[in-house]
Amino acid sequence: MTPDKNELTPQETSDPIRLMLAYLCISSEKEASLETKVNILARFALTNAEIATVCGSKVQSVKNARHSLRKQGTKTKNHA
């Protein structure tokens, strides 16, 4: 039996669901900075492009926010 071309595989259906759930997690953070949103969404193992889609920003902005978060994390670890 050949699969119907109109049927989606579980992986294809999970991506929109993951993005929707990610959006719902930050929907209450409308006034939050991009770094805060990226920090929240990074826990979902989303790619930079997926985070940019959810946040409505550019991929490079997400990369910059991740870099800034990593840079801030190393500073706080050094002071501890």
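The values are calculated or read from the model by the stated rules, or taken from the named source; none is laboratory data. Treat the numbers as computed from the prediction; the structure is a model and nothing was measured. When we count neighbours, we look across all protein chains shown, and the Cβ atoms used for this are built from the backbone with ideal geometry, even at glycine.
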| remark: Filter segment 1-29 for residues that are more than 15 Å from the chain's Cα centre (by Cα) and of a type in the set (D, E, K, R); the one that is modelled with the lowest pLDDT is 12
| request: Go through segment 43-80 and count every residue that is at pLDDT 90 or above and either in contact with a helix residue (DSSP H, G or I) (Cβ under 7 Å, 6 or more places away or on another chain) or not in a helix (DSSP H, G or I) (or both). | output: 21
